[in-house]
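The values are calculated or read from the model by the stated rules, or taken from the named source; none is laboratory data. Being a predicted model, the structure only gives us computed values, none of them experimental. Ideal geometry is used to build each Cβ from the backbone, glycine not excepted, and the neighbour counts take in all protein chains shown.
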Amino acid sequence: MTAFLLRMLGSVAYSMLVQYYYGYGDSFTYYGGSKFITDQIHANLNNISYFFTDTKDIERFYLDEGNTDLKGYIAANSSVAVMKLAAVVSFFSFHKFLIISIFFGLFSFAGQWKLFTVFNDITGHKKQKLLAAVVLYYPSIWFWGSGLMKESICMGALGFIVSIIYKSFVKKNIQLADWIVLLPLLYIVYVIKSYIIIILLAAIILTVIFAYFQQVKSLLIRIALSIVVGIIIIVSLNFLNFSDQINDLVEESYSQLESFQQSYKQNQDLDETSKAGFEIGNFNASLSSLLAKSPIVIFSCIYRPFLWESRKIIIFLSSLETTLLLLATLYLLVKTKVLKFFLAIFSNRYTFFCLIISLLFALIIGFTTFNFGTMVRYKIALLPFFYFMLFYIYIKLEEPKKENAVISTT
């Protein structure tokens, strides 16, 4: 109940931040787009077809009305999808920005609660309060995942998706109702942030392979299989045009930034003196270049900003969280003498899955964001998985030595 109330507080706090601190932002854009759709439906009920209309047609209808404010966003499939979802919610919320934000926060919380129940089941309900603290109560998650944003939708949907997959394939409890819910969620997330589905699919496939490897006793067979899997991964990365995903995300970010250039102009001088960002040097979207820059990108995404890199109060608060996360990681590395830390991860399929999904998220987000403010918001999708990985290692350390001698491979 406390976590739910905290999430609702996060919705209100984020809405106030956008309204009174920033004065602009993606949330207002989605709200404006949803209002355009609902206004058109109120004017002519036949315009309900807008919900099923192609993005290019929506953009044409919007520009024909003499509107230009949302020009960059209204042309993006991902943004229009959020606008349509917000328009649906607006019919039940009197088209009030705050109420719509609360509904989005509610969905995000529901999905995250499902994810918490999965983690809680995996650990056998051990140290539930600590697990809740790192999965449900961590400030970045309940704040940045509680407003009218893509992150709220994706956080909620991701929780439901993982929960249904876990229930169906791990607990062997397949239900038609779950899959009726699953398929639309997969589609929605794919439209809004396609890389999330790609990451999830890759993590699941690698985890299945990993689980099979655990059952193979012969070292030679393991080596042979590792070579085969490595080749498959390299071919798959090229086949899936992983670099194109990077380019598409960067281009979308630039187009959205350009469309709001006039709105930002009045804040430009302030931003120049207070903006906090980081550089990873020159790179291109080739696979070799991405691999070379991966370590610094992953570290920066997960553990930055540092305290001394803060230029705004919002970034400073985020830096406190990342500092705490870094200290927690270092503590576990020391307690496990480093080697056992990684042995703990690679001896359990759930921690392995969380590691893979965290690393892939960190790569995508790190390569496509150019300042800490944006990165802090985008990376909330990976945090529950990364926190759970650390939590699992911690509870294994707390177990009696006899139980901890061999870490469970289930």
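Does A3 qualify as being of a type outside the set (S, T, N, Q), surrounded by 13 or more Cβ atoms within 10 Å (Cβ to Cβ) and assigned to a helix (DSSP H, G or I)? So that I can check it myself, show each step before the final result.
Numbers: of a type outside the set (S, T, N, Q): yes; surrounded by 13 or more Cβ atoms within 10 Å (Cβ to Cβ): yes; assigned to a helix (DSSP H, G or I): yes.
Against the criterion (of a type outside the set (S, T, N, Q), surrounded by 13 or more Cβ atoms within 10 Å (Cβ to Cβ) and assigned to a helix (DSSP H, G or I)), A3 qualifies.
Condition check ((1) within 18 Å of the chain's Cα centre (by Cα); (2) touching a residue at least 40 places away in the same chain (Cβ under 8 Å); (3) over 16 Å from M389 (Cα atoms)) across all residues:
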residue: A110; (1), (2), (3): yes, yes, yes
residue: L115; (1), (2), (3): yes, yes, no
residue: V118; (1), (2), (3): yes, yes, no
residue: H125; (1), (2), (3): no, no, no
residue: V135; (1), (2), (3): yes, yes, no
residue: I141; (1), (2), (3): yes, yes, yes
residue: G147; (1), (2), (3): yes, yes, yes
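Among the helices (runs of 4 or more DSSP H) contained in region 35-145, which hold 3 or more residues that are more than 22 Å from V191 (Cβ to Cβ)? Even if it seems obvious, please write down each step before you answer.
Values: elements: 55-64, 77-90, 97-122, 128-135, 139-144.
Helices (runs of 4 or more DSSP H) meeting the threshold: 97-122, 128-135, 139-144.
With the requirement that a residue be hydrophobic (A, V, I, L, M, F, W, C), more than 25 Å from S78 (Cα to Cα) and crowded, with 18+ Cβ neighbours inside 10 Å, what does region 174-209 give you? Spell out how you get there, then give the answer.
In the first step, residues of region 174-209 are kept if they are hydrophobic (A, V, I, L, M, F, W, C); the result is 174, 176-177, 179-183, 185-186, 188-189, 191-192, 196-206, 208-209.
Narrowing further to those that are more than 25 Å from S78 (Cα to Cα): 174, 176-177, 205-206, 208-209.
Result: L206, single match.
Within the set of pairs 6+ apart or on separate chains, which have a first residue in region 88-101 that is at pLDDT 90 or above, a second that is among the charged types (D, E, K, R), and C-beta atoms under 9 Å apart?
S90/K35; S90/K96
Only one of (1) more than 30 Å from K129 (Cα to Cα); (2) surrounded by 15 or more Cβ atoms within 10 Å (Cβ to Cβ); (3) not aromatic (F, W, Y) is not met by L63, so which one is it?
Every listed condition holds for L63 apart from (2).
Look through L363, L320, L249 and report the one residue that is of a type in the set (A, V, I, L, M) and at pLDDT 90 or above. Give the derivation first.
Details: L363 fails: at pLDDT 90 or above; L249 fails: at pLDDT 90 or above.
On inspection, the qualifying residue turns out to be L320.
Looking at region 330-341, is at least one residue modelled with pLDDT of 90 or more, more than 15 Å from the chain's Cα centre (by Cα), among the aromatic types (F, W, Y) and in a helix (DSSP H, G or I)?
yes
If you scan region 178-197, which residues turn out to be touching a residue at least 60 places away in the same chain (Cβ under 8 Å) and of a type in the set (F, W, Y)?
Matches in region 178-197: Y195 only.
Is it true that some residue in region 166-173 is part of a helix (DSSP H, G or I), surrounded by fewer than 19 Cβ atoms within 10 Å (Cβ to Cβ) and in contact with a helix residue (DSSP H, G or I) (Cβ under 7 Å, 6 or more places away or on another chain)?
Within region 166-173, the first condition is being part of a helix (DSSP H, G or I), and the residues that meet it are 166-170.
Filter again for surrounded by fewer than 19 Cβ atoms within 10 Å (Cβ to Cβ), leaving 167-170.
Restricting the remaining residues to those that are in contact with a helix residue (DSSP H, G or I) (Cβ under 7 Å, 6 or more places away or on another chain) gives 167-168.
Within region 166-173, one or more residues are part of a helix (DSSP H, G or I), surrounded by fewer than 19 Cβ atoms within 10 Å (Cβ to Cβ) and in contact with a helix residue (DSSP H, G or I) (Cβ under 7 Å, 6 or more places away or on another chain).
Condition check: crowded, with 18+ Cβ neighbours inside 10 Å, under 19 Å from the mean Cα position of the chain (by Cα) and either free of Cβ contacts under 8 Å to residues at least 12 places away in the same chain or closer than 30 Å to Y138 by Cα (or both). Does F104 satisfy that?
So F104 passes the test.
Can you pull out the residues in region 11-42 that are more than 15 Å from I74 (Cα to Cα), polar (S, T, N, Q) and within 20 Å of the chain's Cα centre (by Cα)?
S11, S15
Determine whether A211 is over 23 Å from V376 (Cβ atoms), out of contact with any Lys or Arg (no Cβ under 7 Å at 6 or more places or on another chain) and assigned to a helix (DSSP H, G or I). Explain how you work it out, then say what you get.
On the way: over 23 Å from V376 (Cβ atoms): yes; out of contact with any Lys or Arg (no Cβ under 7 Å at 6 or more places or on another chain): no; assigned to a helix (DSSP H, G or I): yes.
So A211 fails the test.
Based on what the data block shows, is S347 crowded, with 16+ Cβ neighbours inside 10 Å, at pLDDT below 95, among the polar types (S, T, N, Q) and not in a helix (DSSP H, G or I)? Spell out how you get there, then give the answer.
On the way: crowded, with 16+ Cβ neighbours inside 10 Å: yes; at pLDDT below 95: yes; among the polar types (S, T, N, Q): yes; not in a helix (DSSP H, G or I): yes.
In short, yes.
If a residue must be of a type in the set (D, E) and on the phi > 0 side of the Ramachandran plot, how many such residues does region 146-200 contain? Talk me through it step by step, then tell me what you get.
Initial filter on region 146-200 (of a type in the set (D, E)): 151, 178.
Then keep just the ones that are on the phi > 0 side of the Ramachandran plot; that gives none.
Count: 0.
Checking the conditions here, which among Y20, Y31 is surrounded by 15 or more Cβ atoms within 10 Å (Cβ to Cβ), aromatic (F, W, Y) and assigned to a helix (DSSP H, G or I)?
Values: Y20 fails: surrounded by 15 or more Cβ atoms within 10 Å (Cβ to Cβ).
The match here is Y31.
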